[in-house]
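Take a look at the structure set out below.
The values are calculated or read from the model by the stated rules, or taken from the named source; none is laboratory data. The model shown is predicted, which means the values in this text are computed figures rather than measured ones. Methodologically, a virtual Cβ is constructed for each residue, glycine included, from the backbone with ideal geometry; neighbour enumeration extends over all protein chains shown. The area values use the complete protein model at the heavy-atom level, side chains included, leaving out ligands, DNA and RNA. Shrake-Rupley method; radii C 1.70, N 1.55, O 1.52, S 1.80 Å.
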Amino acid sequence: MPAGARKSFLPLVICVYLCSSMANSFSAETPSDPRDARNGLKIPVEGYCDQPYVVINKDGSWLCTMTTGPGTEGAKGEHMVSTVSKDQGRTWSPLVGIEPNDGPESSYGVPVVTPSGRVYVIYDYNGDRVAELNGKKVRADMLGWYVYKYSDDGGQSWSKDRYRIPMRTTACDLANQWQGKVQIFWGIDKPNIVAGSVYFGFTKLGKYMLDNGEGWFYHSDNLLTETDPAKIHWELLPDGDNGLRAQEFGSVQEEHNIVPLSDGKSFYCVYRTTTGYPCHAYSNDGCHTWTKPEPMTYSPGGRKMKTNRACPMLWRAANGKFLFWFNNHSGKSWENRNPVWLSGGVEKNGRIYWSQPEIVLYDPDVKVRMSYPDLIEQDGRYWITETNKTVARAHEIDKALLEGLWNQAENKTETSAGFAMEMIVWPTGAEGGVPALKIDAAKGNGFSIEARMHVEDLKPGQRVYGNSDAMLVTAEQGALRMYVKYGAKTVVWESDPGVLTAGKSHHVVATVDARAQIITFVIDGFLCNGGETRQFGWGRLQDGGTEDIPQGAPLKGQLGTLRVYSRPLRTSEAVGNFNAGQ
């Protein structure tokens, strides 16, 4: 008997046993999915709601500030409010008005808590009561002054007085329709505390409405210690007359936010564009100067990260590592903010290296758009708040998901949880003995197919794995194609083109996440994101057609380990399986 045949005999016997014992696991009842946004803890709102940001009071309670109002975004009545939770988001106190709903518009607040327990919230305020431009009514929630109020009782009440932050007039302001007499700006960046100072970013606009954006940053060296709020120092950065932007990325350069790096003086900034890619830049001198913005990449000089015109939020966790919230596609509009993905970052030599991303939240209604999140850390646990502009929620995030992102590059462990079968078939392909993969969108979790393969040629239609419910075959342009039965129809999705090379070995994990209703490919340790050729690297089960699953031709090459999991692997698990074989 050839050595390869002896090697494959025992795993095949084990496969038959596992298939019979696991046959029903693909559609078994499972607990509710914490990634399903509908399972989050609701935060009270008046109607429209935005930026539900949370700080932790000295007594451990959560203080959430947000923009809300009875109408739509930018409508009259939009104002800043706060609410408190003493049970980690399960219940909340009645809303308290930081500003009244019948006064000038107040919006887009960012809170910060000081060592004394005092909480400041910094926000836009239409102090000049601007209502018109050239005789036409304008949206005023980004016009006017940057101001702050404070609370000394954990958000139960707020100072009667508000205090204006001086904002020098720059070229951006002078170019707007009011020639700088009115400034246009807003911020999404919750203040960062670094060596006793406070830093946060925001966006100025050079043209009403939402054009010619550029990044600016405030630094205060005494906000955390000064008891008289009128004596707080404010320094507007960068130096000079122009904010952070690069002309080649177009008019839309906005929602700048920053995280501090380990040396205490360097910062990393990310912001959104309409190019399909966020931009990033570094400062090594406390935001006074910045590197030229470039498309954000997973590593210096590496593959570009994608996101649309949606909030690209950065966080630095208490462990010194980073998280990035984004939508993982290269759309140019506000659409497709669902699902939401997280990437984990680690700092190396003054630069951040980002992991392959995971889905952190989704809504079964693909039209729902989640954005403007915040990260909460308490008692070794993590939560994320978000809003779809009418509902605000808090969601506890599985710590294992975050640890998987942060440790992804070092993980060389093959996961065995959820095996439905494992076959080692060398050099011939796997035939028979495969489980029936029944996908039930209401009950089933989904599945993953993993293969180590060596393809001799790239002719389309060669079968890597297949049965009557799912088929993985080679496709045109060096891609892989997945066929999946989904009710009465068949869903078809392909990997990015060019992922297969004739004569080269590859590691493939094709995943059907039936809860999130998403299909993904992780090939040689990289999650397909569409590259330069298409907007999405992942597909939706809802977008299926009626095509039957083809039989497929035998694979021309060698198929090594073939595994089927009765659950969808996380991206980090797929990467770990790849790393284990290197």
At 7 Å along the Cα-to-beta-carbon direction for both Arg303 and Thr390, put a label point, then send me their distance in nm to one decimal.
3.7
Report ³J(HN,Hα) in whole Hz for each residue of the stretch 351-368, in order, from the Karplus equation J = 6.51 cos²θ - 1.76 cosθ + 1.60 where θ = phi - 60°; Gly and Pro get x.
10, 9, 10, 9, 7, 5, x, 10, 6, 9, 8, 8, 10, x, 7, 5, 7, 5
What distance in nm separates the two pseudo spin-label positions at Ile56 and His454, each 7 Å out from Cα along the beta-carbon direction?
5.2
If you put +1 on each Lys and Arg Cβ and -1 on each Asp and Glu Cβ, how big is the dipole of the stretch 531-582 around its Cα centre, in Debye rounded to 20?
220
Summarise the long-distance tail of P(r) for the chain by giving the % of C-alpha pairs beyond 44 Å.
24
Expressed as a rounded percentage, what relative contact order does the chain have, with Cα pairs under 8 Å and six or more residues apart?
13
Per residue, accessible area of the chain with a 1.4 Å probe, heavy atoms of protein chains only, in Å², comes to 38
In whole Hz, with x marking every Gly and Pro, tabulate ³J(HN,Hα) for the stretch 223-235 from phi via Karplus 6.51 cos²θ - 1.76 cosθ + 1.60, θ = phi - 60°.
4, 6, 10, 6, 7, 9, x, 6, 9, 6, 8, 9, 10
Counting other Cβ atoms within 10 Å, keep those with at most 14, restrict to DSSP loop, and tell me which GluC sites (Glu not before Pro) in the stretch 449-515 are left.
Glu456
In whole Å, how far is the Cα centre of the stretch 48-64 from that of the stretch 105-123?
10
Whole-Hz ³J(HN,Hα) from phi, Karplus 6.51 cos²θ - 1.76 cosθ + 1.60, for the stretch 377-385, glycine and proline x
10, 7, 6, x, 10, 10, 10, 10, 9
Added length on full extension, which subtracts the Cα-Cα distance from 0.36 nm per residue, Arg129 to Lys160:
9.3 nm
Angle, helix 3-21 long axis vs. longest principal axis of the chain, Cα atoms, 0 to 90°, nearest 10?
70
Rounded to the nearest 0.05, what FRET efficiency do His288 and Thr227 give with R0 = 41 Å and r taken as the Cβ-Cβ distance? Could you check?
0.90
Over 28 Å between alpha carbons, listed pairs Lys149/Lys306; Lys204/Lys265; Lys86/Lys160:
Lys149/Lys306
Just name one of Ile376, Val360, Ala281: the one whose Cα is farthest towards the positive end of the charge dipole of the chain (beta-carbon charges, Lys/Arg +1, Asp/Glu -1).
Val360
Degrees separating the helix 571-580 axis from the principal Cα axis of the chain, which is the longest one:
50
Taking the Cα centre of the chain as origin, sum charge times position over the Cβ atoms of Lys and Arg (+1) and Asp and Glu (-1), and report the length of that vector in debye to the nearest 20.
780
Between Phe217, Ala195, Gln177, whose Cα lies farthest towards the positive end of the dipole of the stretch 173-228 when Lys and Arg beta carbons carry +1 and Asp and Glu beta carbons carry -1, centred on the Cα centre?
Gln177
So what is the relative contact order for the stretch 158-242, in percent, with contacts set as C-alpha pairs under 8 Å and at least six apart?
26
Of the accessible area of the chain, with the probe set at 1.4 angstrom, what percent is carbon plus sulfur?
51
Contour minus end-to-end for Lys207 and Ala417, with contour as 0.36 nm per residue of separation and end-to-end as the Cα-Cα distance?
70.2 nm
For Lys137, counting only lysines whose alpha-carbon sits under 19 Å away and dropping same-chain residues fewer than eight positions off, the answer is Lys76, Lys181, Lys207
Under 5 Å between amide H atoms, partner at least 5 residues away or on a different chain: which partners does Met296 have, H built in plane at 1.01 Å?
Cys279, His280, Met305
Given the -39500 (n - 2.57) contribution per DSSP H run of 4+ residues, what per-residue ellipticity at 222 nm results for the chain, rounded to the nearest 500 deg cm²/dmol?
-2000 deg cm²/dmol
Largest-first ranking of Ile523, Ile56 by accessible area, probe 1.4 Å, whole protein assembly kept, is Ile56, Ile523
If you take all C-alpha pairs in the stretch 127-240, what percent of them are over 24 Å apart?
32
Past 27 Å, Cα to Cα, is the threshold; run Lys190/Lys348; Lys190/Lys332; Lys348/Lys504 against it and keep the listed order.
Lys348/Lys504
